[in-house]
Amino acid sequence: MRKTVTSDDEAYNLYNDYAFNIGFSIRKGNIRTVGKTSVWRSRRYVCSCAGLKNDSKRHVRKFEKLDFRTNCGAFVEFIIDPGVWTVVDHQMDHNHPFIPIDKRHLLRSQRNVNKEQLKVISVMKASGVRVTDSLRLLSKEVGGLPNLGCTRKDIYNALTTEKANRLDGSDCNQLIKYFAQRQAKEADFYYDFEVDEGNSLTCVFWRDGIMKRDYEHFGDLMVFDTTYRTKKYGMICAPFVGMNHHCNNVMFGMGFVLDEKTSSFI
């Protein structure tokens with residue numbers, strides 16, 4: 001009897017469970033549609049080693065990720081009828097070694113940070129608990145890191161993504177628009193900002209004429225403080241602070257950054 005499921009997620013999980021038992025990772029493959037419509041007719045899920053690297057690149061990158069693709073031909077294909085996904089083809093021959101059982105929890109398709117894990121770590125992080133300590137706690141509760149379903153890097157990536165998703169595009173656009181208006185009216189006003197590949201704001205810095213003049217007079221002493229975070233977006237408040245001749249604090253500049261990585265300040 002042919003295997004049947006009811007959705008894309010169920011089909012993916014079915015093949016992914018099979019892949020874990022054998023020792024390989026998977027990814028989603030091609031979709032065939034009905035004629036020129038957007039209605040799906042079939043869907044493939046392939047071994048992660050399928051295909052070969054495309055060397056004809058338009059841009060030269062500073063670094064290259066390791067490529068493990070071997071043009072493996074293993075896949076499973078589902079025919080899609082309304083409400084029913086049925087397996088119609090399953091190629092099981094691989095042209096590469098399988099991953100030993102003690103390493104299979106590290107396979108890319110087997111790693112996922114679920115909503116419960118992310119919520120627990122986010123709450124503990126907001127309470128001052130380090131991410132590594134939270135990860136150690138969750139790992140102990142499930143009987144070890146192999147049973148956790150994710151790595152430390154996955155956790156950090158999920159936290160960064162969650163933080164980026166909280167950034168309201170309308171608020172960011174209004175802020176940049178306000179800075180542009182001030183720069184047009186004030187000769188000494190300066191600002192700069194950066195966005196990521198998804199066009200989300202990652203950092204913004206600015207200073208006005210008073211800040212510039214204070215720096216020119218008292219810039220021999222400066223403190224860069226990243227202690228505080230905004231409540232709504234979780235961005236780090238990063239003021240440049242100095243001291244004037246009256247021993248009062250003066251501001252040389254101001255910024256908000258998404259994280260404390262070196263790249264955020266360069």
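The values are calculated or read from the model by the stated rules, or taken from the named source; none is laboratory data. Since we're looking at a predicted model, the values are computed, not measured. As a convention, Cβ positions derive from the backbone with ideal geometry for all residues, glycine included, and neighbour counts pool all protein chains shown. When the accessible area is computed, the model is the full protein with side chains, heavy atoms only, and any ligands, DNA or RNA have been set aside. Shrake-Rupley method; radii C 1.70, N 1.55, O 1.52, S 1.80 Å.
Which listed residue (VAL241, CYS150, THR33) has the Cα farthest towards the positive end of the charge dipole for the chain, taking +1 on Lys and Arg C-beta and -1 on Asp and Glu C-beta about the Cα centre?
Ranked along the dipole, the leading option is THR33.
Carbon-plus-sulfur fraction of the accessible area of the chain, 1.4 Å probe, in percent?
Here it works out to 54 percent.
Determine the per residue accessible area of the chain with all protein chains present and a 1.4 angstrom probe, expressed in square angstrom.
68
Relative to the Cα centre, what is the charge dipole magnitude of the chain, using +1 at the beta carbon of each Lys and Arg, -1 at the beta carbon of each Asp and Glu, and rounding to the nearest 20 debye?
Using Cβ point charges on Lys, Arg, Asp and Glu, the chain gives about 660 debye.
Among ARG44, ARG136, ARG32, determine the one that fluctuates most according to a GNM of the chain built with springs between C-alpha atoms less than 10 Å apart.
Greatest mean-square fluctuation among the candidates belongs to ARG32.
For each pair in LYS28/LYS153; LYS103/LYS125; LYS119/LYS177; LYS53/LYS103; LYS153/LYS212; LYS125/LYS212, compute the distance between the two Cα atoms and list the pairs where it is over 32 Å.
With Cα atoms farther than 32 Å apart: LYS119/LYS177; LYS153/LYS212; LYS125/LYS212.
By the gyration tensor of its Cα atoms, with a ≥ b ≥ c the square roots of the eigenvalues, what is the shape of the stretch 85-127: rounded for a/c under 1.5, prolate for a/b over b/c, or oblate?
Cα axes put the stretch 85-127 in the oblate bin.
Which value at 222 nm does the chain reach when only helices count, each DSSP H run of 4 or more adding -39,500 (n - 2.57), with the total divided by all residues and rounded to the nearest 500 deg cm²/dmol?
Computed ellipticity for the chain at 222 nm equals -9500 deg cm²/dmol.
Normalise the Debye intensity by I(0) for the stretch 1-152, one equal point scatterer per Cα, no solvent, then take log10 at q = 0.10, 0.14, 0.20 Å⁻¹ and round to two decimals.
The Cα Debye sum returns log10 ratios of -0.51, -0.89, -1.18.
Radius of gyration and Dmax for the stretch 1-50's Cα atoms, expressed in Å?
Over the stretch 1-50's Cα set, Rg and Dmax evaluate to 12.3, 38 Å.
Per residue, how big is the convex hull around the C-alpha atoms of the stretch 97-218? Give it to me in cubic angstrom, could you?
In the stretch 97-218, the Cα hull volume divided by residue count equals 181 Å³.
How big, in percent, is the set of alpha carbon pairs in the chain lying more than 29 Å apart?
Here the long-distance tail beyond 29 Å is 56 percent of all Cα pairs in the chain.
Excluding SER109 itself, what net charge comes from residues whose Cβ is under 11 Å from its Cβ, given Lys and Arg +1 and Asp and Glu -1?
Result for the local shell: +4.
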